[in-house]
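Contents: one structure, followed by commentary.
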Amino acid sequence: MPEKGKYSKLIAEWQRFYKEVFGIKADFSKIVLPGKRKGFNWLLIMAAGLTANRLFDKCKEHFTSWKYRDDLNTVISVRKTDKTYAIWLRDRIEADKENKNLSAKECEKRGINGITLEERLVMELFYNWNRPAGKHLDINNVTLCSGSCDSDGGVPGVGWGGGGLYIGCCDPGSAGDILRARSVVS
């Protein structure tokens, strides 16, 4: 577990994000941060109670957004948002090149801990809030949210194209150059 004092500015930034974007007055002073690995420099804090639908609606308030199904709350994720938690991600605009051509099934076989749909949507909102207007993630690729699956067994993918954020879905065996899981440290 990393020393929290070292990351107090990052934690404070997440508190400010939740206040400004969601109107949530969060106190993350007691949050337990997972152990940090080299190259995983983006901290993501998931506030308790955020659902995929609420996150999508917030994205839609800030930029054009499209989703493949009406109810994203039917998506099942490996990390639940019933409590606040933190993860580390690689600090990259595009999803991990190390995971290109790997399906969700292959990621699972290899023990790759992948981002969830909810985490990917929070990261999009945070990145857009924390950068000059108009900056987004996954301009050239699609994040395979291998930490989630929908009620039909499909795996959500999130990217940016056609002037907006889109959430699609693919078969758990689908793989390709532009379809890439984001590894996380949790």
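In the range 92-105, the residue that is nearest to Val75 (Cα to Cα) out of those that are surrounded by 19 or more Cβ atoms within 10 Å (Cβ to Cβ) and aliphatic (A, V, I, L, M) is Ala104.
Residues in the range 106-140 that are surrounded by 17 or more Cβ atoms within 10 Å (Cβ to Cβ), under 11 Å from the mean Cα position of the chain (by Cα) and not in a loop (DSSP other than H, G, I, E, B): Gly114, Leu117, Glu118, Glu119, Arg120, Leu121, Val122, Met123, Glu124, Leu125, Phe126. When we screen Cys107, Cys145 for residues that are touching a strand residue (DSSP E or B) at 6+ places or on another chain (Cβ under 8 Å), within 17 Å of Thr51 (Cα to Cα) and modelled with pLDDT of 95 or more, the only hit is Cys145. Reported count of residues in the range 146-169, each being in contact (Cβ under 8 Å) with a residue 40 or more places away in the chain and either outside any loop (DSSP other than H, G, I, E, B) or under 21 Å from Asn73 (Cα atoms) (or both), is 15. The set of residues from the range 99-117 being out of contact with any Lys or Arg (no Cβ under 8 Å at 6 or more places or on another chain), touching a residue at least 12 places away in the same chain (Cβ under 8 Å) and either closer than 18 Å to Cys169 by Cα or not β-branched (Val, Ile, Thr) (or both) comprises Asn101, Ser103, Ala104, Lys105, Glu106, Cys107, Glu108, Asn113, Leu117.
The values are calculated or read from the model by the stated rules, or taken from the named source; none is laboratory data. The structure displayed is predicted, hence computed values, not measured ones. Note that we place each Cβ from the backbone using ideal geometry, even for glycine, and neighbour counts take in every protein chain shown.
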